[in-house]
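The values are calculated or read from the model by the stated rules, or taken from the named source; none is laboratory data. Please read these numbers as outputs of a predicted model, since none were measured by experiment. Cβ placement follows ideal geometry from the backbone for every residue including glycine, while neighbour counts extend to all protein chains displayed. In case anyone asks, the SASA skips ligands and DNA or RNA and just uses the protein heavy atoms, side chains included. Shrake-Rupley method; radii C 1.70, N 1.55, O 1.52, S 1.80 Å.
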Amino acid sequence: MKFFLQCLQLLPLLIIFSLESLLKLFIPKKRKSVTGEIVLITGAGHGIGRLTAYEFAKLKSKLVLWDINKHGIEDTAAECRRLGAKAHAFVVDCSNREDIYSSAKKVKAEIGDVSILVNNAGVVYTSDLFATQDPQIEKTFEVNILAHFWTTKAFLPVMMKNNHGHIVTVASAAGHTGVPFLLAYCSSKFAAVGFHRALTEELAALERTGIKTTCLCPNFINTGFIKNASTSLGPILEPEEVVDKLMDGILTEQKMIFIPSSISLLTVLERILPERFLAFLKRKIDISTVLRKQQLNAENWGPPCMYMS
């Protein structure tokens, strides 16, 4: 009874804050300047990471680009320079903690203090649990979540000292709901979403309000390996569309970005709808059919067939 009365006392605040949030939907958000900021992007040799680097280059940021692919990262850096930005390319294996720490030392010594960190590098293997090899599961967690810890531990201290910075977590819609044939990937992306939320709360508790956090959670992204695929959530997203929304989210300091926005509604419904109805809804969305078609050979250690982040 006491708890109920306490909740009732908070009702006016709930109404005020809800109206405030509603009002903000109609007021354009101010976009911050990132000119001169040192931006480090992991997985910048292709896809979302590469396109994000181009956008920061157009805004005259100083870029530090990491990827395991030497040719890919050098191509990205060359294009960033053509766009008028300073760009530094590093070949880094984001599945290797010591490689991350040693590369971070080089960045600090040779370039300066990173103020915007974009944890984008990710891998995905589309196969059922038993077809997914143990090293593939380990690699998924090393790149998709453990690397976030190592990069953040390396670059966050200076951000905290200056009370200025931004940490971006590229997660996935699969970090909010389970998806068949993506068991390792989903688990790692749930961890990435949890990392973002816990880090946000920890920075607030430490009163480091000048350090912003953003988490990107898109649906399937077309990287050229999926042709004309779609689900009831809509067509596969184009990388350019995702990066456009990611940049808008970073510059307006949004905490969570869902693409498409309907995914945020689905994450709420999953908590309140009956289990049998949810099962019916997931059959209608038909994600498993898409993934079944894209299932990799268990022996394939080449580039992932698709990205959901």
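Can you give me the ranges of the helices (runs of 4 or more DSSP H) entirely in segment 46-150 with at least 1 residues that are more than 22 Å from the chain's Cα centre (by Cα) and of a type in the set (A, V, I, L, M, F, W, C)? It would help to see each step written out before you state the result.
Values: elements: 47-58, 70-82, 97-110, 134-141.
Of the helices (runs of 4 or more DSSP H) lying wholly inside segment 46-150, those with at least 1 residues that are more than 22 Å from the chain's Cα centre (by Cα) and of a type in the set (A, V, I, L, M, F, W, C) span 70-82, 97-110.
Taking the stated definitions as given, is Asn144 open to solvent by less than 50 Å² (accessible area, probe 1.4 Å) and within 22 Å of Ser172 (Cβ to Cβ)?
Details: open to solvent by less than 50 Å² (accessible area, probe 1.4 Å): yes; within 22 Å of Ser172 (Cβ to Cβ): yes.
Yes, satisfied.
Does segment 28-36 include one or more residues that are part of a strand (DSSP E or B), open to solvent by 20 Å² or more (accessible area, probe 1.4 Å) and at pLDDT 95 or above?
Initial filter on segment 28-36 (part of a strand (DSSP E or B)): none.
Looking through segment 28-36, none of the residues is part of a strand (DSSP E or B), open to solvent by 20 Å² or more (accessible area, probe 1.4 Å) and at pLDDT 95 or above.
Applying the selection to segment 64-79, what residues are of a type in the set (A, V, I, L, M) and open to solvent by less than 10 Å² (accessible area, probe 1.4 Å)? If you could, list the steps in order and put the result at the bottom.
Going through segment 64-79, the residues of a type in the set (A, V, I, L, M) turn out to be 64-65, 68, 73, 77-78.
Passing the criteria: Val64, Leu65, Ile73, Ala77.
Which ones in segment 156-172 are open to solvent by less than 10 Å² (accessible area, probe 1.4 Å) and either part of a helix (DSSP H, G or I) or hydroxyl-bearing (Ser, Thr, Tyr) (or both)? Working first, answer last.
Just the residues of segment 156-172 that are open to solvent by less than 10 Å² (accessible area, probe 1.4 Å), to begin with: 159, 165-172.
Within segment 156-172, Met159, Thr169, Ser172 meet the criteria.
Report yes if Tyr125 is surrounded by 17 or more Cβ atoms within 10 Å (Cβ to Cβ) and of a type in the set (Phe, Trp, Tyr), otherwise no. Spell out the reasoning first.
Values: surrounded by 17 or more Cβ atoms within 10 Å (Cβ to Cβ): yes; of a type in the set (Phe, Trp, Tyr): yes.
Spelling it out, Tyr125 is indeed surrounded by 17 or more Cβ atoms within 10 Å (Cβ to Cβ) and of a type in the set (Phe, Trp, Tyr).
Give all pairs with beta carbons closer than 9 Å in which a residue from segment 237-264 that is on the phi > 0 side of the Ramachandran plot meets a residue that is assigned to a loop (DSSP other than H, G, I, E, B); count only pairs at least 6 apart in sequence or on separate chains.
Pairs that qualify, where the first residue is on the phi > 0 side of the Ramachandran plot and the partner is assigned to a loop (DSSP other than H, G, I, E, B), are Glu253/Lys29; Glu253/Lys32.
Condition check ((1) in contact with a Phe, Trp or Tyr (Cβ under 7 Å, 6 or more places away or on another chain); (2) under 24 Å from Glu238 (Cα atoms); (3) free of Cβ contacts under 8 Å to residues at least 40 places away in the same chain; (4) surrounded by fewer than 16 Cβ atoms within 10 Å (Cβ to Cβ)) across all residues:
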| residue | (1), (2), (3), (4) |
| --- | --- |
| Gly43 | no, yes, no, no |
| Leu51 | no, yes, no, no |
| Glu55 | no, yes, no, no |
| Lys58 | no, yes, yes, yes |
| Arg81 | no, no, yes, yes |
| Ile100 | yes, no, no, no |
| Ala109 | no, no, yes, yes |
| Asn119 | no, yes, no, no |
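Under 7 Å between Cβ atoms, which residue pairs at least 6 apart in sequence (or on different chains) link something in segment 127-155 that is touching a residue at least 12 places away in the same chain (Cβ under 8 Å) and under 16 Å from Leu199 (Cα atoms) with a partner that is surrounded by fewer than 19 Cβ atoms within 10 Å (Cβ to Cβ) and small (Gly, Ala, Ser)?
Taking only residues 6 or more apart or on different chains, the pairs are Ile145/Ala191.
If you scan segment 179-209, which residues turn out to be under 14 Å from the mean Cα position of the chain (by Cα) and open to solvent by 60 Å² or more (accessible area, probe 1.4 Å)?
Result: Phe190, Arg197.
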